[in-house]
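The values are calculated or read from the model by the stated rules, or taken from the named source; none is laboratory data. These numbers were taken from a predicted model, which means no experiment stands behind them. Cβ: placed from backbone, ideal geometry, glycine included. Neighbour counts: every protein chain shown. The protein model used for the area step is the full one, side chains on, heavy atoms only, and it has no ligands, DNA or RNA in it. Shrake-Rupley method; radii C 1.70, N 1.55, O 1.52, S 1.80 Å.
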Amino acid sequence: MNNLVLIIIAITSIASYYALNDAAIFEKYKFSVGAINNRKEYVRLVSSGFLHADFMHLFFNMFSLFMFQGPVIEFFGEIGFLIIYFASMVLGNLFSLFIYKNQPWYSAIGASGAVSGIIFAAIAMAPNEISVNFLPGWLFGTLYFGYSVYMMIKPKQWDNLGHAAHLGGAFFGLVYAVIMRPETAIQNSLYLGAMSLPLLYLSYEIFIKKRIG
């Protein structure tokens, strides 16, 4: 494992452990629409990415990061990895802030937005070579985007996933990969086009029909 990734996993694990055992820290640094909009606590856009709901949530995110960090570092280097990770984290939370701006009680935690950016940057570069749950990467990406968009349009009471943060992070990872490696993106344009269809539909729902946000 790359040392940089190991440091991120270690810091995230330690921060999550302390926050799980200290409700005051958890409340102070989680993503909160009300706290960000009313008190301008923008640090939460980043700090929430180091907190998790429980150890299973933490394990899933850090394991996913471990599984996909290799291709991202191979294609974009350590600096590119850091850009994707933290920009996806912030953009995912900003997208959540936009979607839930009229719901000050909305809150969330987790590195899922950042990890989604890493996953989709990797898939963008190797959509057929990378597989997820026995599915080719591009098909997983299309289904992932499609499911997240559907759950945002028709939310379910039992669903507590931050789909907006996932989509925002994944979108940045995808776009960053295309911009930085356009020659590879052109070769994979058919797969990237399929993955982008749910995002285009989401844009239509948000900006044309105004059903979300």
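Among the residues of region 147-174, the ones that are in contact with a Leu (Cβ under 8 Å, 6 or more places away or on another chain) and small (Gly, Ala, Ser) come to 3 in all. Apart from one condition, residue 60 fits all of (1) under 24 Å from residue 184 (Cβ atoms); (2) surrounded by fewer than 18 Cβ atoms within 10 Å (Cβ to Cβ); (3) under 14 Å from the mean Cα position of the chain (by Cα); the exception is (1).
If you filter region 63-101 down to residues that are open to solvent by 70 Å² or more (accessible area, probe 1.4 Å) and without any contact (Cβ under 8 Å) to a residue 12 or more places away in the chain, you find that the one that is nearest to residue 40 (Cα to Cα) is 79. Look at residue 14 and say whether it is surrounded by fewer than 22 Cβ atoms within 10 Å (Cβ to Cβ) and either under 23 Å from residue 126 (Cβ atoms) or at pLDDT below 95 (or both). Criteria not met by residue 14. Summed over region 171-213, residues that are open to solvent by 50 Å² or more (accessible area, probe 1.4 Å), touching a residue at least 60 places away in the same chain (Cβ under 8 Å), in a helix (DSSP H, G or I) and farther than 25 Å from residue 106 by Cβ total 2.
When 29, 42 are checked against the criterion of being among the aromatic types (Phe, Trp, Tyr), free of Cβ contacts under 8 Å to residues at least 12 places away in the same chain and surrounded by 13 or more Cβ atoms within 10 Å (Cβ to Cβ), a single residue qualifies: 42. The set of residues in region 129-141 that are closer than 19 Å to residue 165 by Cβ and either out of contact with any Phe, Trp or Tyr (no Cβ under 7 Å at 6 or more places or on another chain) or among the acidic types (Asp, Glu) (or both) contains only 140.
Among the residues making up region 121-170, a single one is under 24 Å from residue 107 (Cβ atoms), among the polar types (S, T, N, Q) and part of a helix (DSSP H, G or I): 148.
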